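See structure below.
The values are calculated or read from the model by the stated rules, or taken from the named source; none is laboratory data. Worth saying up front: this structure is predicted, and the values here are computed from it rather than measured. Note that each Cβ is placed from the backbone with ideal geometry, even for glycine, and that neighbours are counted across all protein chains shown. The area values use the complete protein model at the heavy-atom level, side chains included, leaving out ligands, DNA and RNA. Shrake-Rupley method; radii C 1.70, N 1.55, O 1.52, S 1.80 Å.
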Amino acid sequence: MDTTIATPLAAADPATHATNAPPAIENASRRQFVQGVTGLTLAFCLPASATLAAPAGAGKLAATGGAAAPPFEPNAFLRIGADDTVTVISKHLEMGQGTYTGLATIVAEELDADWAKVRIEGAPADAKRYNNLFWGPAQGTGGSTAMANSWEQLRNAGAAGRAMLVQAAAKKWKVPAAEITVKDGVVMHAASKRKERFGELVADAAKEAVPTGVTLKDPKDFRLVGKHAPRKDSADKTTGRAMFTQDMQMHGMLVAMVAHPPRFGAKVQRFDATRAKAINGVVDVVEIPSGVAVLALDTWTAKKARDTLTIEWNDTNAFRLGSEEILARYKEMAKKPGLVAHQAGDTDAAFAKAAKKLSASYDFPYLAHAAMEPMNCVVARTETGCEVWNGEQLHTGDQYALAVVFGFKPEQVTIHMLYAGGSFGRRANTKSDYVVEAAQIVKASGTKAPVKLVWTREDDMRAGYYRPLFHHALEAALDAEGRLTGWRHRLVGQSILKGSPFESMMVKNGIDAVSVEGAANLPYAIPNMTVDLHTPDDIQVPVLWWRSVGSSHTAYSTEVFLDQVARAAGKDPVAMRMDLLDKHPRHRGVLKLAAEKAGWGKPLAAGAPGTRRGRGVAVHESFNSYVAQVAEVTVDAEGKLKVDRVVCAVDCGIAINPDNVRAQVEGAVGFALSAALHGEIELKDGQVVPGNFDAYPVLRIAEMPKVEVHIVPSAEKPTGIGEPGVPPLAPAVANAIAAATGKVPTRLPFSADDLKA
């Protein structure tokens, strides 16, 4: 929360909402306070028209002021300054997952840059230059695609810059380019003992034609990729220099907070803002489609004023069901076949011939994203359009949505990408909800001042969006030898993609691809399989992708049920999986590695008297990466669960930054375990019950297990790592619980009452 010291309301110009009084003391933020106590005070204060530097076209010399030499910009992703600084332009959001460091590593590797001289800058919204290559003509970050879609593109960008520097040096020194070497930002010619830094060559390099084809390094020659490279965002985040949306302070900026309806679908009937407007520092109160917004000179004033609003809500079209009522409806739907998402063999015949049949059902709650930084956004009208500052995850979608609000062309919307304090899918909103909300406040108020929309944790928790609630029903058929011959899997839950811009691509024949991912593409060699889906269309709870999306629930149901099948067949869970994965070597590779490192097959050390211990396994592929996890747990007589150890094996292709791969998997374990132990967004009479971490607790440090991460060496292209560590955790823990207690958890989060001795 910013703690701007506001000027009095009386000094505000009603036309612009800017102050005519002397400047207020601004942005004494928590970060600056931390710095201030050690003798350093910084202020982030930008003019309303401030813009971030955008890369110029290929081979172009960018204009700069003063006598400084202009930077060398061989392409849209790279800029080299006369001071040797190498700036990598990141088209993807850094939200804690290490994207900036990973993308910079790729460029710096092929450029042979000095890592200490490399910095990263967020790209503007410009899908023509910065589109996600896996998404077509759209810019955005998600689906664990940042490294995967950028790998070859950025290798070529770095190699092109290197080639132009080499060619410039060759001409300058009159030596063959083939005799020139580059290392750590220095271009060298051994025979003549000539060498120059990048900065000394930028003017000449800018005159060179951009090469149409470049030679990329042999992976055996990598000096940064696959090695230790310190993260580029750590120092700034530690010292407070990193700029998040909440840090933004602009001259004349207003802060907005919104009172949202307590039920989804409700609308404002009428409101009384008399008390709010009487508070010193309040500038305006306006109605917008999502509620009533208060604009004030600082955050605390906006919150105090919002809390005094008297609002009558029209609940005519409001959603009124609770979680248990939704779940009961889903269970009824599951009694009938749904739309077929996958069909192999003759499932009915397999069940008719089965020597043994098993069935189980599993229930999954709504989950909040609960990112450390709640939703926020700064929007400012300009003479030619509008500018936006935020942790931008879905550039193109938000750009188009804002253009609709203001009646602009999309190119009139300039988006400046800042750091984001987490997302887990929340900032990639298919409806651009909070970004549009900020724009609607600016439009409704008519202000010419920049407006920072701030959501509290309660807003973030109760105003949507959530991982959908799901019900799964599974059946298995075994023959007389214990072989798995038939599999039925029925899913019931809301569609994330229906009604979104992604519907035409990812909803086919009524099947939302992300509802059934991890189930419809099950890798196990089961000859007869049916997977079908029910998608209710009358549930108004807003839903969205959540870290690992459909795999966050399908991995649990399939891996836990497969363990039940293994026990019924009298087979070891790892051995059975290995047999069923005969045609999937990368699944087998991570499973074998995790099992070996965990000591699978060896007895666990005994726990304290009265406790029960168990070990469980799960393996899952998501976003083209493969992860196996083995969990060790202890359960006491009262059902209290402690996850002691998690051993992970991951195959994500070439590990660009191995340290970051490990960090992401470790973080995924904590994130997934938090949901498995505590996560549940409960609805009662249509209202979201939890509002903060007192009712929606997150994992505490004492609950975090020891985590080991083992990376499979690979020459395959890099694939995702931000999400794939999430899906196997909960099923591995559940299977360990079953091994310890004989009880199979069929509903998340885990309940101590269900695990009592």
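Please verify whether Val442 is open to solvent by less than 10 Å² (accessible area, probe 1.4 Å) and not in a strand (DSSP E or B), treating the condition exactly as stated. Considered against the rule, which asks whether it is open to solvent by less than 10 Å² (accessible area, probe 1.4 Å) and not in a strand (DSSP E or B), Val442 comes out as yes.
Of all residues in the stretch 697-722, those that are within 30 Å of Lys220 (Cβ to Cβ) and either among the aromatic types (Phe, Trp, Tyr) or part of a loop (DSSP other than H, G, I, E, B) (or both) total 11.
Can you find a residue that is within 30 Å of Arg231 (Cβ to Cβ), open to solvent by 30 Å² or more (accessible area, probe 1.4 Å) and in contact (Cβ under 8 Å) with a residue 12 or more places away in the chain anywhere in the stretch 719-735? Scanning the stretch 719-735 turns up no residue that is within 30 Å of Arg231 (Cβ to Cβ), open to solvent by 30 Å² or more (accessible area, probe 1.4 Å) and in contact (Cβ under 8 Å) with a residue 12 or more places away in the chain. Taking the stated definitions as given, is Asp582 among the charged types (D, E, K, R) and farther than 23 Å from Ala675 by Cβ? Considered against the rule, which asks whether it is among the charged types (D, E, K, R) and farther than 23 Å from Ala675 by Cβ, Asp582 comes out as yes.
Checking Val225, Val210 one by one, the residue that is over 30 Å from Gly281 (Cα atoms), open to solvent by 40 Å² or more (accessible area, probe 1.4 Å), among the aliphatic types (A, V, I, L, M) and in contact with a Pro (Cβ under 8 Å, 6 or more places away or on another chain) is Val210 and no other. A single entry from Lys356, Lys331, Lys304 fulfils the requirement of being under 21 Å from Gln246 (Cβ atoms) and open to solvent by 60 Å² or more (accessible area, probe 1.4 Å): Lys304. Could you tell me whether the stretch 376-396 includes any residue that is in contact with an Asp or Glu (Cβ under 6 Å, 6 or more places away or on another chain) and closer than 20 Å to Thr141 by Cβ? Checked against the condition, which is being in contact with an Asp or Glu (Cβ under 6 Å, 6 or more places away or on another chain) and closer than 20 Å to Thr141 by Cβ, the stretch 376-396 yields no hits at all.
Take Arg615 and tell me if it is of a type in the set (D, E, K, R), open to solvent by less than 50 Å² (accessible area, probe 1.4 Å), in the same structural domain as Ile496 (by the TED database) and in contact with a Leu (Cβ under 8 Å, 6 or more places away or on another chain). The answer is yes for Arg615. Residues that are at pLDDT below 95 and open to solvent by 60 Å² or more (accessible area, probe 1.4 Å) occur in the stretch 137-149; there is at least one.
Assess whether Ala276 counts as being outside any helix (DSSP H, G or I) and of a type in the set (Gly, Ala, Ser). Here the answer is no, as Ala276 does not meet what is asked. Name the pairs whose Cβ atoms lie under 8 Å apart, with the first residue in the stretch 285-297 and farther than 16 Å from Asp459 by Cα, the second modelled with pLDDT under 95 and not in a loop (DSSP other than H, G, I, E, B), and 6 or more positions between them or separate chains? As it stands, the answer is Leu297/Leu9; Leu297/Ala12; Leu297/Thr19, since those pairs meet every condition given. Just the residues that are more than 13 Å from Lys183 (Cα to Cα), part of a helix (DSSP H, G or I) and of a type outside the set (Val, Ile, Thr), please, taken from the stretch 105-140. If the condition is that a residue be more than 13 Å from Lys183 (Cα to Cα), part of a helix (DSSP H, G or I) and of a type outside the set (Val, Ile, Thr), then Ala127, Lys128, Arg129, Tyr130 are the ones that fit. Checked against (1) farther than 30 Å from Arg427 by Cβ; (2) open to solvent by 20 Å² or more (accessible area, probe 1.4 Å), Ala160 passes all but a single condition, namely (2). Look at (1) open to solvent by 30 Å² or more (accessible area, probe 1.4 Å); (2) of a type in the set (Ser, Thr, Tyr); (3) within 30 Å of Asp659 (Cβ to Cβ) and you find that Thr310 fails only one, number (3). Among the residues of the stretch 332-355, is there at least one that is more than 30 Å from the chain's Cα centre (by Cα), within 30 Å of Glu387 (Cα to Cα) and of a type in the set (Val, Ile, Thr)? No, because not a single residue in the stretch 332-355 is more than 30 Å from the chain's Cα centre (by Cα), within 30 Å of Glu387 (Cα to Cα) and of a type in the set (Val, Ile, Thr).
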